[in-house]
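A.B. asks: Would you mind keeping the following structure in view while I ask a few things?
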Number of protein chains: 2
Amino acid sequence: MKADFVNPFLESVVNVLSTMASMTVTAGTPSLKTDDVAKGDVTGLIGMTGQQTKGSFAITFTERAIFNIASKMLGDHPTEVDESVTDLVGEITNMATGGAKALFEQKGYDFDMAIPTVVAGKNHCIVHKSSGPKLILPFSTDAGEFFVEICFEP
Amino acid sequence: MKADFVNPFLESVVNVLSTMASMTVTAGTPSLKTDDVAKGDVTGLIGMTGQQTKGSFAITFTERAIFNIASKMLGDHPTEVDESVTDLVGEITNMATGGAKALFEQKGYDFDMAIPTVVAGKNHCIVHKSSGPKLILPFSTDAGEFFVEICFEP
């Protein structure tokens, strides 16, 4: 997968979180997902289909990270993963992929997006099933780390 | 959501499991998902986009149910959710939605499918985020129950 293809996701995720949650978000170095499984407590997932390729996008947060983001974005102080938290994760998933889609359009890639799904549960892990490479993009914030996983067909 | 829209999923899921795992699969009555959350240990998820509507499909199994299905389909006797189990769930997700897509084509609906993602982790739950109704389709087998969730924009 070319940097060309990863950058719109990186840029959009940093943009959404830094703008909406007024936090400093630093993108780490993307790596291929092998045995190393990013485990989250809440994950937003969305499928993307286009003429050139299709795949899926996941963004996974620990409770600590998403509670902190919720307090900054909504002024809430959630102590459990309730509907406001899953709504927020769905919204972040929509905004991050919507922003990436706009950046992809400038490069001539065109995507349709499905409806986001949010998975809640302690320490679940996400396994992408395709022939394409699975990439993990780590992000760090004051509130802890979170991870984006992307997997698109070659 | 019309029965017209639900039936291809029902039919395809029963078809895949009864053919591939040689098990008797009975579809229960679909219901609207409200507070009642189907919790699984392994879930296959896939986004579907089309001209007329877009949405997502999830199929969620308890460990007991999927281990039993794995033994019937693969001759394996898994005791944990390993790669063979998540592969199987990804494959069932692909086959079930692929079969439904073919049935939808006969009705004039056209879908592109994203890449399936599998979620593993004890007792996670799935929350669809869209304006459309969230429908739960229960299925029972000798190996226990499993659930399909579909959510499509009106």
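A.B. asks: Can you give the net charge of the other residues whose Cβ lies under 12 Å from the Cβ of residue A:18, counting K and R as +1 and D and E as -1?
C.D. replies: Around residue A:18, the surrounding residues sum to -1.
A.B. asks: Moving on. Rounded to the nearest 20 Debye, what is the dipole magnitude of the protein assembly as shown about its Cα centre when Lys and Arg each give +1 and Asp and Glu each give -1 at the C-beta?
C.D. replies: The calculation lands at about 300 debye.
A.B. asks: So what's chain B giving for Rg/Rh, alpha carbon basis, Kirkwood Rh from the mean inverse pair distance?
C.D. replies: We get a ratio of 0.94 for chain B.
A.B. asks: Based on the inverse mean of 1/r over its pairs of different Cα atoms, what is the Kirkwood hydrodynamic radius of the protein assembly as shown, in Å?
C.D. replies: Averaging 1/r across every pair of different Cα atoms and inverting gives 19.4 Å.
A.B. asks: Now for a different question. Can you tell me the length gained on complete extension of the stretch residue A:51 to residue A:22, counting 0.36 nm per residue apart and subtracting the Cα distance?
C.D. replies: Numbers: separation 29, 0.36 × 29 = 10.44 nm, distance 3.52 nm.
Net length gain for the segment: 6.9 nm.
A.B. asks: Still on this structure, I have one more. Before rounding to the nearest 500, sum -39500 (n - 2.57) across all DSSP H runs of length at least 4 in chain B and divide by the residue total; then give [θ] at 222 nm in deg cm²/dmol.
C.D. replies: Values: 3 runs with 54 residues, N = 154.
Rounded to the nearest 500, it is -12000 deg cm²/dmol.
A.B. asks: Mind jotting down the distance between the C-alpha centroids of the stretch B:104-121 and the stretch A:94-154, whole Å?
C.D. replies: Their Cα centres are 18 Å away from one another.
A.B. asks: I would also like to ask the following. As a quick test, which of the pairs A:33/A:129; B:107/B:129; A:54/A:134; A:129/B:39; A:39/A:107 have an alpha carbon distance above 23 angstrom in this structure?
C.D. replies: Long pairs (Cα-Cα over 23 Å): B:107/B:129; A:39/A:107.
A.B. asks: Further question: Counting Lys and Arg as +1 and Asp and Glu as -1, what is the net charge of the other residues whose Cβ lies under 12 Å from the Cβ of residue A:54? Kindly include the intermediate steps, with their values, before the conclusion.
C.D. replies: Details: positive: none; negative: A:110, A:112, A:153, B:112.
Net charge in that neighbourhood comes out at -4.
A.B. asks: Now, a different point. Based only on other Cβ atoms within 10 Å, what is the fewest-to-most ordering of A:152, A:57?
C.D. replies: Result, fewest neighbours first: A:152, A:57.
Read-outs: derived from the displayed coordinates by stated rules, not from any lab. These numbers come from a predicted model, not from an experiment. Here the Cβ is made from the backbone with ideal geometry for all residues, glycine too, and neighbour counts use every protein chain on show.
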